[in-house]
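The values are calculated or read from the model by the stated rules, or taken from the named source; none is laboratory data. Note that the coordinates shown come from a computational prediction; the quantities given were computed from them, not determined experimentally. Note: accessible area is taken over every heavy atom of the protein model, side chains too, but ligands, DNA and RNA are not part of it. Shrake-Rupley method; radii C 1.70, N 1.55, O 1.52, S 1.80 Å.
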Amino acid sequence: MGCGSSTAAVVSEPVFESVQTSPGGEGTLKDQSNAVEPFTSFDGITKATDGNGLPELDQKFLSENRSKKSIVTGNSTPRGSFTQGMDNTSTAMLAANAGRVVSTHGIDELEDSTRKRKEDEEFIRGVSLKFLHRFLNTRKEEIGNLTTKDVVECIIKPETAELKSRYLLKIEEDLEDAAQNDLYYLHGEMTGKANMFVSHCWDYKFADLVETLARLEDKIFRKKLSEERGFTFNEKAKDIYIWLDIFCINQHDPSILCSPESTLRMRESVQEIGQTILVLTPFDRPKALQRTWCLYEVFIALHYGLPFEILLPEGEEKRLAEVDAKDFDYCEWGSEVNLDTSIASYTMDKEAMIEDILASHSKTTLQGVDELILSALRSWLAHKALQRLSTLDDQHHFGYADATDRDLDEEYTGPSGKGNMNSLMDLLNREGQLYAAETLCRGILEAEVVRMGPESHQALAAQRNLAVLFQRQGKLNEAQKQFEEVVKVRERVLGQTDPKTLASYMDLANVWMEKGQGYRSLEMHEEIVAKCKAKHGGDHKSTINAMQNQAEAMWKMYGKQAEAEAIYKESLEHMKNVYGVTHSRTLRSHNRLASLLLADGKRQQSEIIFTETRRWSLAIENDSITGDTEYNLGVLKEMNCQYDEALEHYKDAEAAYRAKFGEEDSRTNQCRRRVSFLLSA
């Protein structure tokens, strides 16, 4: 919370004022010495109890005192009590007359309990959708494109400067003044007990935030949330009261959030409010996922099994609905979630939240928090993808509308590019949407058969993707059947030595290996290498790929490290001839060989190759390969217990990944995790 954080982020607290409101709110009692103390709660207009078993007070007495209000802020002290000015005998007589004799000590405890309960009740009061519209519309020119942070600095703080309290108190005070003059509105239309907790990032445009929350006014949308997400709504939208930090927390004193007690208050409030909405924008790189407060609030909702939903502004909903897989990697979305490296405006905020999670949930780790949140995010994304896959046209749009030529040794996967189409299938498969993933693949296959013909490159690529999906689901017999059909068609149409046919042979060999038919797999790999050499010679990319696949199969399936290493090194010599020593493919293959050697325990050989690869990658300024190599060297040094050197390699890897992929990339975050771990060890 605080400027730039979540609900006021991420990866979303309070002078705990107690406010006495009009009918439907809190009542006050006044004694002969004019001291005022919160004493009991009014349920409507005719009933009053203190919640601790004391008899109801005379309704006439209540009605006479209902208009006598008091605001007790976090910066003030309670101004007396109901029994102030009475001696002990008078106090006991009063209690006896009420049908119960209590000690003054008991009354003090009762007052403390009542005050605590009232503070808790006041903290979870929220604002209505009607208020949000009014707040925005009466300041349209002033707010314009201001972010939520700007609104806090330019409007919220100045307008509460005199009270030095949360904005919600100002709302209720203004409403009481207006009500006394018969100007407008009942209390309940503007403020009330919150029944919707909203987590958001202060960097969003405030107008977008209000527009997003306005979706709750749609009766059909509310019904959908109820049926699909377990939300509870009253019949009318006016009964929705939103806990929004900028109005519900004292923005003049952010330090009040930086304590275990305040974090506990926030956790309990999220639980008591009972349902949480996370507002995200932009959909492809949502800022809230980098904010500590947002991540903390989402974790609390998920950990306690509360109804949870993600909302996007209308423009972002449209962008997501029209996204093409070539521009969006479904499986990478949300990978920036990392509570340990998340951002908070105040370090003490973050420390208090992490301390609360680890102390209150003994079996929870920070990585476990990240995984829980990421699982919920990707489940939501899969749900969105399923909505798009409701028609064959949409399935076709995801797939292969305009074929383009690609390197012949790579499996074509449509205009989405190699792997991105599969990323959607991976996401659906990971989220248990097996039928949907298969439906997607079959829908694209049927569309390409109709559009381009059953033996077209596009149709065979779609069939191959269906086989890959079966393979990832462990349906190896079905995968083998699809791969075999692709092989037959490509042998007939393209010939046995065409790169695409050879790629299909490799697919089939890999399935055999998974099925435990290693001898068939190795025979197939040897046959592929022989055909490639006969067709193209050694210095050809198809031959190089075939040799490297053969080497890895020998290494993994039969543990023939010596033979596999020799084949891999031979392929590297061919690769240098084809691509050059400093080509990215050559350097990546060097890294791969070094990784295989490291896995085999040959650390010294591995380090020599990693070091040489790093020298070349720095020379050509390839941050991606530099990052990979530095990270691998970090792993090697850590295995050798050379922790200081490992730390430096991880830091260099993080810098390289950040330069290439940005702060939020999963590789950058992984390096941060290693750095953090070594520093804390």
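For Glu371, what accessible area in Å² do you get when you roll a 1.4 Å probe over the heavy atoms of the protein chains, rounding to the nearest 10?
Using a 1.4 Å probe on the heavy atoms, I get roughly 110 Å².
Would you give the gap between the C-alpha center of segment 270-310 and the C-alpha center of segment 606-621, rounded to a whole Å?
Segment 270-310 and segment 606-621 have Cα centres spaced 42 Å from each other.
In terms of solvent-accessible area of protein heavy atoms at a 1.4 angstrom probe, what is the ranking of Thr501, Thr365, highest value first?
Largest accessible area first, the residues go Thr365, Thr501.
Just reorder Lys219, Lys157 by solvent-accessible area, largest first, 1.4 Å probe, all chains present.
Solvent-accessible surface, decreasing: Lys219, Lys157.
Taking θ as phi - 60°, what are the ³J(HN,Hα) couplings along segment 129-140 by the Karplus curve (6.51, -1.76, 1.60), each to the nearest whole Hz, with x for Gly and Pro?
Result, ordered by residue: 4, 4, 5, 4, 4, 5, 4, 6, 5, 7, 10, 4 Hz.
Hey, can you grab everything whose amide H is under 5 Å from the amide H of Met196? Only 5+ residues off in sequence or another chain; H modelled, so Pro and N-termini drop out.
Residues meeting the criterion, in which the H sits 1.01 Å from N, are Tyr241, Trp243.
Distance cut-off 28 Å, Cα to Cα: go down the list Lys531/Lys602; Lys157/Lys223; Lys149/Lys193; Lys170/Lys236; Lys515/Lys560; Lys318/Lys500 and report the pairs above it.
Exceeds cut-off: Lys531/Lys602; Lys157/Lys223; Lys318/Lys500.
Expressed in whole Å with the largest first, what are the equivalent ellipsoid semi-axes of segment 191-331 derived from the C-alpha gyration tensor as the square root of 5 times each eigenvalue?
Result for segment 191-331: semi-axes of 25, 20, 15 Å.
Enter the mean projected area of the convex hull around the alpha-carbon atoms of segment 303-345, in nm², rounded to one decimal. Don't jump to the answer; show the numbers that get you there.
Working: hull surface 21.3 nm².
Value for segment 303-345: 5.3 nm².
For segment 556-647, just say rounded, prolate or oblate: build the C-alpha gyration tensor, square-root its eigenvalues into a ≥ b ≥ c, call rounded for a/c under 1.5, and beyond that prolate if a/b exceeds b/c, oblate if not.
Oblate shape, in that a/c is at least 1.5 and b/c is the bigger or equal ratio.
Can you give me the solvent accessible area of Lys535 with a 1.4 Å probe, rounded to the nearest 10 Å²?
Using a 1.4 Å probe on the heavy atoms, I get roughly 120 Å².
Which order do Val635, Val675 take when ranked by solvent-accessible area (1.4 Å probe, heavy atoms of all protein chains), largest first?
Accessible-area ranking of Val635, Val675, largest first: Val635, Val675.
Ordered by residue, what ³J(HN,Hα) values in Hz, to whole numbers, does segment 644-659 give under the Karplus form 6.51 cos²θ - 1.76 cosθ + 1.60, where θ = phi - 60° and Gly and Pro are x?
Each residue's phi maps through the Karplus curve to give 5, 5, 4, 4, 5, 5, 5, 5, 5, 5, 4, 4, 5, 5, 4, 5 Hz.
Compute the relative contact order of segment 472-552 as a whole-number percentage, counting only Cα pairs closer than 8 Å that sit 6 or more residues apart in sequence.
23
Can you give the accessible area of Thr341, probe radius 1.4 Å, in Å² rounded to 10?
40
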